[in-house]
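The values are calculated or read from the model by the stated rules, or taken from the named source; none is laboratory data. These numbers come from a predicted model, not from an experiment. Cβ placement follows ideal geometry from the backbone for every residue including glycine, while neighbour counts extend to all protein chains displayed. We work out accessible area using only protein heavy atoms, side chains counted, and drop any ligands, DNA or RNA first. Shrake-Rupley method; radii C 1.70, N 1.55, O 1.52, S 1.80 Å.
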There are 2 protein chains.
Amino acid sequence: MSTLSSWINIPENSDFSIHNLPYGIFSTTDTAPRAGVAIGEHIVDLAPLAEKGWLKVDASLLRQATLNDFISLGKAVTNEARTTLQKLLSDGDSPLKAHPEYLIAQADATMHLPVAVGDYTDFYSSIEHATNVGKMFRDPANALLPNWRHLPVGYHGRASSIIPSGVDIVRPKGQVMPKGADQPVYKASGRVDFELEMGFIIGKSNPLGQSISTQEAEDYIFGMVLFNDWSARDIQKWEYVPLGPFLGKSFASSISPWIVPLEALDPFRVKGPKQEPAVLPYLTYEGERNYNIQLEVAIQPKDQEEQVVSRSNFQYMYWNMTQQLAHHTVNGCNVRVGDMMASGTISGKDENSYGSMLEIAWAGSKPVSMNDGSTRVFINDYDTVIMRGHAAKDGVRVGFGEVRSMVLPAN
Amino acid sequence: MSTLSSWINIPENSDFSIHNLPYGIFSTTDTAPRAGVAIGEHIVDLAPLAEKGWLKVDASLLRQATLNDFISLGKAVTNEARTTLQKLLSDGDSPLKAHPEYLIAQADATMHLPVAVGDYTDFYSSIEHATNVGKMFRDPANALLPNWRHLPVGYHGRASSIIPSGVDIVRPKGQVMPKGADQPVYKASGRVDFELEMGFIIGKSNPLGQSISTQEAEDYIFGMVLFNDWSARDIQKWEYVPLGPFLGKSFASSISPWIVPLEALDPFRVKGPKQEPAVLPYLTYEGERNYNIQLEVAIQPKDQEEQVVSRSNFQYMYWNMTQQLAHHTVNGCNVRVGDMMASGTISGKDENSYGSMLEIAWAGSKPVSMNDGSTRVFINDYDTVIMRGHAAKDGVRVGFGEVRSMVLPAN
């Protein structure tokens, strides 16, 4: 692929190369939340560029506190904005050079949720994760339930508690059934866990009653983020039959603040795993619909260095995003711009690539040693969990930055 | 209780008495959707009343296409508006009498969704319904799962596909596993069913990380609607393990368009059923938190008269709304103005009071005879399902009108 270079100083190995240009919502001490694009260690303030006429977008849409209306303009417009920005940031005679005030240091900005999320759906699309969970809690010989290879299992999650990187979470309280007890107790969860996931954001709405095919699906996907699907395993275990996870998940889900456009990930497409048995026709697809995105999770105990506990890859997904979206809408369900859909925990075959503490410490039986001499089976108070992801090929790097959140003690 | 009377002609047995005054969003052929209050066969157009200074509310909030911002003003304001409206509609010398143009005939109006729903949660709080389903699909001797009497089981539903009364639904397609088959098939659902539920609408937001107690809960509940939780039983059965209902529900949920304020239901409070075993302290409550609301479901085959197939009552609920909301937020989950929470299917002990065709026709084994000689085990194409509900006591009636929707053939 051809590589562009920018006249802005971009550190080597920056996630935010000129090939990336992810969208986010930022504010500074004395300015309101508005749209920006990350480049190196800076943010391009988009509204002034539209006011100058450089971007062919109504500037008022870029001064809003969410990207929903901008995204709703459609890929023809947002991709043209992307190409224009690449020119403005690479051309030697770019008019942007004369306006350093349009480039804000990321260190001086606060990042917000990039979109208002209408509905949030969580899938369960890693075969290694579903198999690990099935082995632990059901039948090791029949770890996958009968429907798993026939459809991308998913469920509705809580949209209100999706929060951006940097916001601390409070350890949830709730009902749990202690082992061997015959009455549940009310207590702070003792099994707070992360789930390493990626989420995609819907960029185009469909009317209720009409489906989206796998072929059409990418036109409906604006871009992707890192997604930490916080889970309280003890609460979840007691509550989840027969209607699925509820309070074990709804206390918080953390996302990285920059939405990487699907177009920026195009060079990193790879084939997905072979699906056996063959899927029904509405779930078939053509081409390479998985992406080679390297992922890692680190835990940083209070006042300690962080320590990587998992290295995984988005390409391990059994079900891809076009299949997820086709399945989600096959019954006529409508999706709306800003809706978020998460992958489910992304685990690889190797135990160093498992995407949750539940799997890494195998339900508490294999504690993880930390550099400070402590051990972890789940997440402790004041631990910070950090997830990172990037794709790299032929000298081009496109990354997601990070999603970072500290767990505070229960109220 | 004291009964007021209005100078407006209100038909006997109208759901929309002066003791009700439910809020909705309406439009007419040449006017945009805006806030109104139902009275008899009319709608009070609220914005002009605010512009006259009669209602102490910013009129622009009443010209919006959803009630969210009005409801967000809080109960102190919305209850004062309610009292003012009662005076304007009952006083012999009301200034409203001189403005018949502020009263629109319901027959001339189209009703819309009253709120933008952020998140939608469905509970499963009728012990008779949960027992019936458990008997049919699990173990007749242990129909209730171990957690059922300890917490109000709930799950997240799809907000985008909540639609108002009068909007037809399309029979969903999807994956089902035919009996005895070893491969699923893709087809139109053969088991489309209604679920008779009531929903409540959140009127006050709580910050993430803070719980709402049962004592505080009613301050967070703005009002109630009728709720038809459409279900495709065959799709649901195949997909729902282990993460709960998804496409078997997300094709549509229909609501009645008028939100009856909780205050209008105050005279109809009743005690709830005794809860055994005793619930954990955070789920205890004081006072009468159930409501005596008579409910019915009718099916109207194409070009035929409607026929009532169920008569139930909201007071049968095992878990009340204050318990549902306290449980929902016990983990710190935040709720937002406009969020909707539904009761789960409301069945009574008697088989004439079951709230779904699944139970009425006992999974297909007891077909229901219709007046035209046909039978029903589930809902046929071109059937219209109508749900109605009202409370009545001492000559005062407060009702919900109806939620009515026809099932169209699959695309």
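Summary table
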item: Test: residue in the stretch A:346-365 that is among the small types (Gly, Ala, Ser), more than 22 Å from A:Met321 (Cβ to Cβ), in contact (Cβ under 8 Å) with a residue 60 or more places away in the chain and in contact with a Pro (Cβ under 7 Å, 6 or more places away or on another chain); result: no
item: The stretch A:121-132, residues that are surrounded by fewer than 22 Cβ atoms within 10 Å (Cβ to Cβ) and over 21 Å from the mean Cα position of the chain (by Cα); result: A:Thr131
item: Test result for B:Ile235, of a type in the set (Val, Ile, Thr), in a loop (DSSP other than H, G, I, E, B) and in the same structural domain as B:Arg388 (by TED's automatic domain parsing); result: no
item: Evaluation of A:Leu247 against (1) open to solvent by less than 10 Å² (accessible area, probe 1.4 Å); (2) outside any loop (DSSP other than H, G, I, E, B) (one fails), failing number; result: (2)
item: The stretch A:225-270, residues that are touching a helix residue (DSSP H, G or I) at 6+ places or on another chain (Cβ under 7 Å) and not charged (D, E, K, R); result: A:Pro245, A:Phe246, A:Leu247, A:Gly248, A:Pro261, A:Leu262, A:Val270
item: Count - residues of the stretch B:20-39 that are surrounded by fewer than 18 Cβ atoms within 10 Å (Cβ to Cβ) and in contact with a helix residue (DSSP H, G or I) (Cβ under 9 Å, 6 or more places away or on another chain); result: 2
item: So B:Asp30, is it of a type outside the set (Ser, Thr, Tyr), under 13 Å from B:Ile104 (Cα atoms) and at pLDDT below 95; result: yes
item: Strands (runs of 3 or more DSSP E) fully within the stretch B:153-214 counting 1 or more residues that are open to solvent by 30 Å² or more (accessible area, probe 1.4 Å), facing chain A (nearest Cβ under 7 Å) and not acidic (Asp, Glu); result: B:173-176, B:185-188
item: Elements of type helices (runs of 4 or more DSSP H) contained in the stretch A:44-150, each with 3 or more residues being of a type outside the set (A, V, I, L, M, F, W, C); result: A:75-90, A:127-137
item: Those residues of the stretch A:55-105 which are without any contact (Cβ under 8 Å) to a residue 12 or more places away in the chain and under 21 Å from the mean Cα position of the chain (by Cα), in sequence order; result: A:Asp69
item: Only listed residue being in the same structural domain as B:Trp319 (by TED's automatic domain parsing), modelled with pLDDT under 95 and either within 19 Å of B:Met357 (Cα to Cα) or charged (D, E, K, R) (or both), chosen from B:Lys173, B:Lys179, B:Lys271; result: B:Lys179
item: Qualifying position, being away from chain B (no Cβ under 14 Å) and not in a helix (DSSP H, G or I), among A:Pro267, A:Pro257, A:Pro242, A:Pro277; result: A:Pro257
